[in-house]
Amino acid sequence: MRYLVALTLAVLSICAYTVSAQSHNVTWGAIGQYDILLDSQVVQEKYKFLRVVSEDFTFPTKGRTNYYTITAVRCIDQYTNGNGGYATLVSGGPGAKNVTIHLKSKRDHGFNFLIQIYGRY
């Protein structure tokens, strides 16, 4: 009986670690066979003591024009320990020619995202 309890506790602790140590990756849309990579950027912000840091990412950048239709937006969290940030689609995205993404960290942490935007003509 003790072994069963010990085994159950071990499995539960492993599951709890696995759930808490995940990246916050997100993909909007789907990348098709003929889609091309329109933009790829690393967006990062360092932590501020006891603060939540945030930033808005916009494509295309100010003064530029995008002639392609966006088919997919991929935000890959570079922090794989579960302490990375969160990405939220604010406007645009798949089916549009622009996109704005709000990036936000956990309290007392920073974020580091690889943002990839795919599209077709």
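Here, each number is a calculation from the coordinates, and none is a lab measurement. This is a predicted model, so every value here is computed, not measured. Neighbour counts run over all protein chains shown; Cβ positions are idealised from the backbone, glycine included.
Mind checking the full-extension length gain between R120 and R64? Use 0.36 nm per residue of separation minus the Cα-Cα distance, one decimal, nm.
18.4 nm
Cross-link partners among aspartates and glutamates for K106, C-alpha distance below 14 Å, same-chain residues fewer than 8 apart left out?
Leaving aside aspartates and glutamates fewer than 8 places away in the same chain, those within reach of K106 are E45, E55, D77.
When all C-alpha to C-alpha distances in segment 22-120 are sorted into bins of 5 Å, what percent of pairs does each bin hold, rounded to whole numbers?
3, 14, 24, 23, 16, 11, 6, 2, 0
What is the fewest-to-most order of L37, L89 by other Cβ atoms lying within 10 Å of their Cβ?
Ascending Cβ contact count within 10 Å gives the list L37, L89.
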